[in-house]
Amino acid sequence: MSNSAKIIIVLTVITLFSGGVLALLDNFTAPKIKAHQEEVKNRALRAALPDNDRVQEVTKGDYRFYAAYRGDEMVALAFEASGGGYQSELRLMVGVTPDFSTITGAVILEQVETPGLGTKIQEDPANKENPGWFMGQFTGLRTEPEISYVKNEEPGNDHEVRAITGATISSKAVVNILNEHIKKAEAAWNE
Amino acid sequence: MTEKKNDIKETQDPAKTEASAEKQAKKEVPAEKQEKKGASAEKPKAKPKPKKNPRAKLFKSERMTIVAPAPHAKGKQSVPRIMYTVIIALLPAVAASIFFFGTRAMVTLMVAVFSAMVAEFACNKIMKTGVTIDDGSAILTGLLLAMTLPPTFPVAATALGAVIAIVFGKQVFGGLGANIFNPALIGRAFLQASFPVKITTWTLPAFASSSAYFDIATSKAVDTVSGATPLGLWKFEGIGTHLKPLLFGNIGGCIGETSALALLAGGIVLLILKYADWRIPLSYIGTVFLFSGALWLIDPSRYPDPLFMILSGGLILGAFFMATDMVTSPVTPLGTWIYGIGMGVMLVVIRLWGGLPEGVMYSILFMNGLVPLLNRWTRPKYFGEIQEESKKK
Amino acid sequence: MKEKPAIQEFIKGLWDENPVLVQLLGLCPTLAVTVSAENGLAMGVAATFVLVCSSFLVSLLRNVIPNQVRIASYIVIIATFVTIADRFLAAYTPEISKSLGPFIPLIIVNCMILGRQEAFASKNKLGRSLLDALGMGAGFTLALLVLSSVREVLGSGTWFGMDIMWASFSTWKVMSLPPGAFLTLGCMIAAANWINRRRQT
């Protein structure tokens, strides 16, 4: 057998073997991975939307809306919003009332901010009872005239949140992303 | 600072003693002790001089190699002499900060100095080098580190910063003279990255607004102890601070960055004694002035005026006492100019467009890293060098 | 050359030829993912799995694989096992998979693994290759575990998610950031060298 024939045969066998193993593996890991992704999305939707009977997906403009119905009445809309944080791309799931005037809930889907500082927007270890206090503030928040933040004091207005000490930029980024995308989503929805 | 000057009189080769003696003497950096190369050539210099100080035995020896552009000459200086002079030059600023911030600032200063000395001693013992805590460099590092911290910085964290400064800023490179970065700023950078909230929790001076003589921009000062630095106020709240409190030091901020006048007094003494190269503060502050001045002229509403840029934050402290560190600044005049201009540009960029309100530390550390390169690029050509190079080709 | 006892192939990976502390191989995941002890352990176990499996195959096929395409063959074999590890983690431990991010797929180019195939598995019998791979994997995992424990304890005040520091301890945030990885690894290598030097004298 010539050398080049041997090379071809050996490499083919190895790659065939590799492909076969991976195909087999994919058969039973793929559904699990998909189920997990669904689970993550549903958990976010549960946090962003109020109690509802069913959720319907609608795509309008650049946004994919998740419309929550109670009976026949639409009670809230959720959509994804993303933008730049302090050092990473922030992805949020935000729910609003159908007139876009009040936030029904907002959660962070993805962030890679500075550990221990910017990550507090998702989980603040210093606050043992309520580590998610920052995003919790957005539930019930008014979006008019626009969401704003205050530092080192309790927010006085119904459109204000308290920024995280030491992570002002990440806090500000969340506020800006929400302001920008709520407006854009409203325009897309009403088209 | 380093042992660029030496305790030994000019007993050597007369050819080397002439010309620009004072200027060049400062530039001499003994390389690592292990380097035996050139030992015999340097030997005549090592004639023991009367024991003026105990360090002499360490630096006079034949182990020492001088690296600097020729011609060389020896001054009367010694490491301890330089270090203690710089410490004395810092004293007005230290006194001013204790006056403004009270005993709490004194505690921070003492903890930093003490921890730095303990760390230095421990490293000396572990690395089995001679004990060097009496040369003043550890004291100076501790002092400078404390000057860059807020007065109410936790004691344990101050001590940690001083230990990091000595161990990771200096001793891991082989001790004084071999470090690439300013040790005090290494300590400060570590603390900044470790405790970003605590290191930006500022205290306003004890009597910030009780005296009408100093009109301070923060009206809240009466009922609160914490406040922002002028730079922070400008960056995050858009509030300016008057120049007079900036000049005297009645503002929130780090221990040593408040009183511009006291720092200037010490800095000018260093310049007169030529312990600090005048080109560094001039080019650093000058660049900040020109760069931020140009921006201010373009749009005064968006950019602060250049005097504010110079007097606020740690620029004066950094420019006179940290950037001029003999070990971590270039040895050639041209390199020094580039070094200063580079720091000025970095500082303005960080302050105006960066995420942090203050950039003195990073601007100096960044340019410190380029110093070996600057020394290489700006090395003066010696006579006949070009011909030799072309011959090789 | 006299044959060393087989067990020696296992032991050398733990300290004398430790991939992280002595050979300085595979530093990319070492530095990048060791923010928490859990991540460090997961990365160590995943790399060990890939290393042992690929060493097994490479050693088995060492007389079959033609010399000219050996690297290509090793890479395909390694990539197969890395993909298996990656999919498994994604399916069963999605949280760890998410926090390790791209560093699981990047095991493919981990020079420790390719290095062992080239330097050892392709030249030695099956048993010895397996022992070598196990030793190297264990050494890698141990080093990562120590590194990530130091970083998690100092940087977050926890160890495997448990609070272990006193209440007033303020965390050294820098340890959770990339510089913390370099500092800790530097100290570990320095300590290892110091110990070795003392052992020799």
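The values are calculated or read from the model by the stated rules, or taken from the named source; none is laboratory data. Keep in mind that this is a model prediction, so the values were computed, not measured. So basically every Cβ, Gly included, is an ideal-geometry build from the backbone, and we count neighbours across all protein chains shown. For accessibility, only protein heavy atoms count, side chains too; no ligands or nucleic acids. Shrake-Rupley method; radii C 1.70, N 1.55, O 1.52, S 1.80 Å.
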Fill in the blank from the handout: Helix-only [θ] at 222 nm, chain A, -39500 (n - 2.57) per DSSP H run of 4+, per residue, nearest 500, equals -13500 deg cm²/dmol
Fill in the blank from the handout: Buried accessible surface, C vs B, both sides, probe 1.4 Å, in Å² to 100, equals 700
Completion exercise
Loop-resident trypsin sites (Lys or Arg not before Pro) in segment B:94-177 with no more than 10 other Cβ atoms inside 10 Å, DSSP not H/G/I/E/B, are B:LYS128
Practice task
Considering the convex hull of the alpha carbon atoms of segment A:49-189, report its projected area averaged over all viewing directions, in nm², one decimal.
Solution key: 8.4
Exercise for the section: Apply the membrane-span-like helix rule to chain C: whole DSSP H runs, Cα extent along the own long axis of at least 24 Å, mean Kyte-Doolittle hydropathy at least 1.0. List the helices found. Expected result: C:37-60, C:70-92, C:126-156
Exercise for the section: Leaving ligands, DNA and RNA out of it, rank B:PHE289, C:PHE120 by accessible area with a 1.4 Å probe, largest first. Expected result: B:PHE289, C:PHE120
Exercise for the section: Enter the accessible area of B:CYS254 (Å², nearest 10), with the probe set to 1.4 Å and all protein chains included. Expected result: 0
Practice task
Would you check the accessible area of A:GLU57, probe 1.4 Å, heavy atoms only, in square angstrom rounded to 10?
Solution key: 90
Problem - Accessible area, probe 1.4 Å, largest first, for residues B:LYS381, C:LYS4, A:LYS6 - result: B:LYS381, C:LYS4, A:LYS6
Completion exercise
Any trypsin sites (Lys or Arg not before Pro) in segment C:17-97 that lie in a DSSP loop and have at most 16 other Cβ atoms within 10 Å would be none
Exercise for the section: Taking a probe of 1.4 Å and counting only protein heavy atoms, give the total accessible area buried between chains C and A in Å², rounded to the nearest 100. Expected result: 2100
Problem - Charge sum, other residues only, whose C-beta stays under 14 Å from A:ASN52's C-beta, Lys/Arg counted +1 and Asp/Glu -1 - result: -2
Handout entry: Average accessible area per residue (Å²) across segment B:252-326 - probe 1.4 Å, nucleic acids and ligands excluded
Key = 34
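Rolling a 1.4 angstrom probe over the protein heavy atoms, how many square angstrom per residue are accessible across segment A:49-189?
Dividing the accessible area of segment A:49-189 by its residue count gives 47 Å².
Of the heavy-atom accessible surface of segment C:1-60 (probe 1.4 angstrom), what whole percent is carbon and sulfur?
Of all accessible area on segment C:1-60, carbon and sulfur atoms account for 72 percent.
Per-residue Cβ counts within 10 Å, from other chains only, averaged over C:152-161: what number is that?
For this peptide, the per-residue mean of nearby foreign Cβ atoms is 1.
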Exercise for the section: Determine how large the accessible area of B:PHE99 is when every protein chain is in place; take a 1.4 Å probe and give Å² rounded to the nearest 10. Expected result: 130
Practice task
Measure out, as a whole number of angstrom, how far apart the alpha-carbon centroids of segment A:90-166 and segment C:23-40 sit.
Solution key: 33
Completion exercise
With every protein chain in place, the residues of segment A:115-135 shedding 40 Å² or more of accessible area versus the chain by itself (probe 1.4 Å) are A:PRO115, A:LEU117
Exercise for the section: Measure nothing fancy, just the Cα-based angle from helix A:3-48's long axis to the longest principal axis of chain A, in degrees from 0 to 90, nearest 10. Expected result: 20
Handout entry: Cross-link table A:LYS120/C:LYS98; A:LYS183/C:LYS98; C:LYS12/C:LYS125, entries beyond 24 Å C-alpha to C-alpha
Key = A:LYS183/C:LYS98
Problem - In nm, spacing of pseudo-spin labels at A:GLU39 and A:VAL112 (7 Å Cα→C-beta vector) - result: 2.4
Handout entry: Alpha-carbon centroids, segment C:143-181 and segment C:42-65: separation in whole Å
Key = 32
Handout entry: Whole-angstrom gap from segment A:67-82 to segment C:100-123, using each part's C-alpha centre
Key = 48
Handout entry: Share of carbon and sulfur in the accessible heavy-atom surface of segment A:49-189 [1.4 Å probe, %]
Key = 45
Practice task
Might you tell me the accessible area per residue for chain C, computed with a 1.4 Å probe and given in Å²?
Solution key: 46
Completion exercise
Quick note, segment C:1-109: a/c under 1.5 would make it rounded; otherwise a/b > b/c is prolate and the rest oblate (a ≥ b ≥ c, C-alpha gyration tensor); here it is oblate
